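Take a look at the structure set out below.
The values are calculated or read from the model by the stated rules, or taken from the named source; none is laboratory data. Note that the structure is a prediction, hence the values are computed from the model and not measured. With ideal geometry, Cβ positions are generated from the backbone for all residues, glycine too; neighbour counts draw on all protein chains shown.
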Amino acid sequence: MAKPIQDYSVGGLSVAVWAQEKGVSISMQKRYLDKDSDEWKESKFLFVSETAILIQLLQKAIADHGMKIKTNTQEETSIDQF
């Protein structure tokens, strides 16, 4: 399996940057330790307090890899313009 070119994580939240044929992509993951089964599990839900952390991880990944955002007009826009 391919490995990401870079990982960013805080607690159970992580963002991975992947090199793809058509450019760079990002995946996000939340993991937690289930107290009943003592197993690591994934969740697609975030607590409100975790959203700020995820935003910071995404911003770091975007800044470090010089990513551009395509708007509806297909113009490339820097994340700093938002």
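Taking the condition at pLDDT below 95, surrounded by 10 or more Cβ atoms within 10 Å (Cβ to Cβ) and within 19 Å of ALA63 (Cβ to Cβ), does GLY11 pass?
So GLY11 does not fit the description; no.
With respect to GLN29, is the statement that it is without any contact (Cβ under 8 Å) to a residue 40 or more places away in the chain, over 12 Å from the mean Cα position of the chain (by Cα) and under 24 Å from GLY66 (Cα atoms) true?
no
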